[in-house]
Amino acid sequence: KIVDPIWGARITGETGKGSFGLLAARDKLPDQGNANFWLGRGKYSLGGENYFGLLYSGREQDRQYNRAIGTDFNFRFWKNHALETNYIHTFTNDPDSRGKYQGEALSTEYSYSTRSFDGELVFEHFDNDFRMDTSFYNRTGFNSWELYLSPRLFPDKKKLPWFHGISPYIHGVYLHDLVTTLDDTFLSVGFEAQFTKQAYLSFDWGVVDKESWAGQTFKKGGIAGSL
């Protein structure tokens, strides 16, 4: 979101188990005045891939401002389990439209992975008042749940040396719009098979695919394959 900086500065570093990054810039905006950006990120290692982090993001322009503070962590446990969570709270002042308001966003992802199985469960929440001027996101004002399950099957290499394995899967998403109260639902099943010489075959069937826009619900669906 920094398009035409007049000046900018960045510093990164590490100290012990901690690491940090700081960014400051002044952006030139034709016919709108200039905007100041201030961003900071810190992480503290908890060993291995585990960490705890903090985030600050700010955009200041005359009387307008958008500030965000956040925290996140990643924690792997019992060898095959992982939990990743982040939370961001935003503060906005826009005197020309809504004035002062606040919003929040939360996401949590749990995953389980072994040689013979992959599973993932994700929850996301975005307030309708969430606003973060330094980042990119598709929409606000919703809760969503996502589930992915995929066992991995490996044949006998002696009997089928050309067949490396097959991974059937089920993938589902449910999204509830907090503003319109309409729901999106998606469910697909499929598989991916691997063969020698990097050959593969995949198939996907969209069993349920409903998406709501402008007060209407649209039904979609399809079958896809590749090799």
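The values are calculated or read from the model by the stated rules, or taken from the named source; none is laboratory data. Everything numeric in this text was worked out from a predicted model, so none of it was measured. Ideal geometry is used to build each Cβ from the backbone, glycine not excepted, and the neighbour counts take in all protein chains shown. These accessible areas exclude ligands, DNA and RNA; they are computed on the full protein's heavy atoms, side chains included. Shrake-Rupley method; radii C 1.70, N 1.55, O 1.52, S 1.80 Å.
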About the Cα centre, charge dipole magnitude for region 73-227 (Lys/Arg +1, Asp/Glu -1 at Cβ), debye
980 debye
Of the residues Tyr200, Ser97, Tyr51, the Cα lying farthest along the dipole of the chain towards its positive end, which is defined by charges on the beta carbon of Lys, Arg, Asp and Glu, belongs to Tyr200
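For an R0 of 45 angstrom, estimate the FRET efficiency from the Cβ-Cβ distance between Lys159 and Trp213 and round to the nearest 0.05.
That gives a FRET efficiency of 0.30.
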Placing unit charges on C-beta atoms (Lys and Arg positive, Asp and Glu negative, everything else neutral), compute the dipole magnitude of region 177-217 about its Cα centre in debye, rounded to 20.
260 debye
Those lysines that a straight Cα-Cα span of less than 18 Å connects to Lys28, excepting residues fewer than 8 apart in one chain:
Lys1
Sort 146-155, 168-177 for me by packing, meaning the mean count of neighbouring Cβ atoms within 10 Å per residue, highest on top.
168-177, 146-155
If the cut-off is 19 Å between C-alpha atoms, which aspartates and glutamates fall inside it for Lys197, apart from same-chain ones fewer than 8 positions away?
Asp156
Regression test value, accessible area per residue of the chain, probe 1.4 Å, units Å², expected 64 Å²
All other residues with a Cβ under 10 Å from the Cβ of Val3 taken together, and with Lys, Arg as +1 and Asp, Glu as -1, what is their net charge?
0
Treat each spin label as a single point 7 Å out from the Cα along the C-beta direction, and report the Tyr101 to Phe195 distance in nm.
5.5 nm
Only Cα pairs within less than 10 Å get springs; with that Gaussian network setup on the chain, which residue of Leu46, Leu29, Leu182 has the largest fluctuation?
Leu29
Candidates Asp209, Asp156, Asp133, ranked by Gaussian network fluctuation over the chain, Cα under 10 Å, top entry
Asp156
Net charge over other residues, Cβ less than 13 angstrom from the Cβ of Thr180 (K, R count +1; D, E count -1):
-3
